[in-house]
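Chemist: Pasting in a structure now, in structure tokens, and then I'll have a few things to ask.
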Amino acid sequence: GNQKSWTNLAVEEQANAAMWRAIEQCHADVMGRFDRELAMFVGSPCLVDSDCLTTCRRPALKSQQTRVSPRGLHSKHKPLVVGRCSVPTTQSHVYIVKCLVRRLGKEVVELF
């Protein structure tokens, strides 16, 4: 009786804590992190748009570009320019929900 109730409560609390961690991580992934050097919020490093929930923005100026080989040091592929995922200025909640769906599955949409 009572022990089973406590066990169920503990399981629910762990599930809630995991959900909040996922929400916090998705918020950080979408909204970026504050970069002291640039004095602004910047997204995660990326090579292609599919690395981001938004788009991958690469520096236009060659002096600001960092290039990496996609498959190791001795790659025959053309080096790619490292960019940053763009931080949304509107409708950030849409990107956060997309992130949650990626992390937790489509079932999470039913919770909203």
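Chemist: Under a 1.4 Å probe, what is the accessible area of the chain per residue, stated in Å²?
Modeler: For the chain, the per-residue accessible area is 79 Å².
Chemist: I've got another one for you. Carbon and sulfur: what percent of the chain's accessible surface (1.4 Å probe)? Provide the component values of the computation, followed by the final result.
Modeler: Working: 4880 of 8860 Å².
About 55 percent, which is the carbon plus sulfur part of the accessible surface.
Chemist: Report, as a whole number in µm² per second, the diffusion coefficient that Stokes-Einstein gives for the chain at 20 °C and 1.002 mPa s using the Kirkwood radius over alpha carbon pairs.
Modeler: 128 µm²/s
Chemist: Measure nothing but the geometry: give the 0 to 90° angle between the long axis through the Cα atoms of 92-104 and the longest principal axis through the Cα atoms of the chain, rounded to 10°.
Modeler: On a 0 to 90 degree scale, this one is about 70.
Chemist: A follow-up question, please. If eta is 1.306 mPa s and T is 10 °C, what Stokes-Einstein diffusion coefficient results for region 13-54, Kirkwood Rh from Cα pairs, in µm²/s?
Modeler: On the way: Rh = 11.8 Å.
The diffusion coefficient I find is 135 µm²/s.
Chemist: Given the DSSP H assignment, sum -39500 (n - 2.57) over each helix run of at least 4 residues in the chain and divide by its residue total; what's the result at 222 nm in deg cm²/dmol, nearest 500?
Modeler: Theoretical 222 nm ellipticity from helices: -14000 deg cm²/dmol.
Chemist: For Cα pairs less than 8 Å apart in space and 6+ apart in sequence, what is the mean separation divided by the residue count of the chain, i.e. the relative contact order in percent?
Modeler: The normalised contact order for the chain reaches 25 percent.
The values are calculated or read from the model by the stated rules, or taken from the named source; none is laboratory data. Treat the numbers as computed from the prediction; the structure is a model and nothing was measured. Surface areas here come from the heavy atoms of the whole protein model, side chains and all, with no ligands, DNA or RNA. Shrake-Rupley method; radii C 1.70, N 1.55, O 1.52, S 1.80 Å.
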